[in-house]
Amino acid sequence: MSTVNICETFISIQGETTYAGIRCFFIRLSECNLRCKYCDTVYAYDIGKTVESDKLIADAIETTAPLVMITGGEPLLQQGFKDLAIKLCEIPGTTVLVETNGSLDISVIPAKAVAIVDVKCPGSGEAGSFDEWNIGRLRPHDEVKFVLCDRGDYDWACEFVKRTNLTQHCKSILFSPVSSMLNTGILAQWIIDDGVNVRLQPQLHKVMGVR
């Protein structure tokens, strides 16, 4: 029976991705291999507690949430991740999202799950951590996220999208501002002025004041 180390589980409203606004069961796995400057879940760096995957499956079913997100930390670091994700995908009527920092091989994410892949910009302090082989591993239903601190990050992200022809590899490209550093309205105007084919993604859960 497989196990994973978890930081926490909770029910909330999905605040990011194209699934924003939907009731979601979050499974936050422990430990991360990156240290982003703006990280708001540093408490997930610790080892956490070991839980059997079947227990998490039962919890997900009990919530009746149509959406489940496996997040972190960095989920792909954990040996039991794949088994957990596969079992979650077998729950009828459930969509499974997997949020990953993009530094590890995303091909371990089950075909039925939606990968939400982060590309770290210079402002994160972890630029260069992205495994560019992951571009070819993206599926048509996956999404790619850029978290932006300033104009420099925006320009860098736009260049990355163009250089990798990213729009041809995934469902949606998300530009998300760090709320304490970049005004959402300013980012919106940059996207409008430049005609960039991306989705503006403020953190809805922070606007609502929920987790």
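The values are calculated or read from the model by the stated rules, or taken from the named source; none is laboratory data. No experiment lies behind these values; they were computed from the predicted model shown. Cβ: placed from backbone, ideal geometry, glycine included. Neighbour counts: every protein chain shown. Heavy atoms of the whole protein, side chains included, go into the accessibility calculation; ligands, DNA and RNA do not. Shrake-Rupley method; radii C 1.70, N 1.55, O 1.52, S 1.80 Å.
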Determine if the stretch 36-43 includes at least one residue that is in a helix (DSSP H, G or I), over 14 Å from the mean Cα position of the chain (by Cα) and either surrounded by 17 or more Cβ atoms within 10 Å (Cβ to Cβ) or free of Cβ contacts under 8 Å to residues at least 40 places away in the same chain (or both).
-> yes
Selection count, the stretch 13-35, where residues are open to solvent by less than 60 Å² (accessible area, probe 1.4 Å) and charged (D, E, K, R) = 2
Note on the stretch 1-28: residues closer than 12 Å to residue 56 by Cβ, touching a Phe, Trp or Tyr at 6+ places or on another chain (Cβ under 7 Å) and hydrophobic (A, V, I, L, M, F, W, C) are 4, 26
Would you be able to say whether some residue in the stretch 52-59 is more than 16 Å from the chain's Cα centre (by Cα) and under 18 Å from residue 103 (Cβ atoms)?
-> no
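Can you tell me which of 117, 98, 68, 108 is touching a residue at least 12 places away in the same chain (Cβ under 8 Å), buried (at least 19 other Cβ atoms within 10 Å of the Cβ) and touching a Lys or Arg at 6+ places or on another chain (Cβ under 8 Å)?
Just one listed residue meets the conditions, 117.
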Pairs where the first residue, in the stretch 140-167, is under 16 Å from residue 36 (Cβ atoms) and the second is surrounded by 19 or more Cβ atoms within 10 Å (Cβ to Cβ) and of a type in the set (D, E, K, R), C-beta under 6 Å, 6+ apart = 145/118
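Count, please, the residues in the stretch 10-31 that happen to be closer than 17 Å to residue 81 by Cβ and within 13 Å of the chain's Cα centre (by Cα).
Looking only at that region, the number is 4.
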Considering only residues of the stretch 174-189 that are surrounded by 14 or more Cβ atoms within 10 Å (Cβ to Cβ) and of a type outside the set (Gly, Ala, Ser), which is farthest from residue 200 (Cα to Cα)?
-> 181
Options 47, 27; residue that is touching a strand residue (DSSP E or B) at 6+ places or on another chain (Cβ under 8 Å), within 30 Å of residue 128 (Cβ to Cβ), of a type in the set (A, V, I, L, M) and in a strand (DSSP E or B) | 27
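Taking the stretch 124-173, which residues are of a type in the set (A, V, I, L, M) and surrounded by 17 or more Cβ atoms within 10 Å (Cβ to Cβ)? Before you say what the answer is, go through the steps one by one.
Here is the first cut: in the stretch 124-173, the residues of a type in the set (A, V, I, L, M) are 127, 135, 138, 144, 147-148, 157, 161, 166, 173.
The answer is 135, 138, 144, 147, 148, 157, 161, 166, 173.
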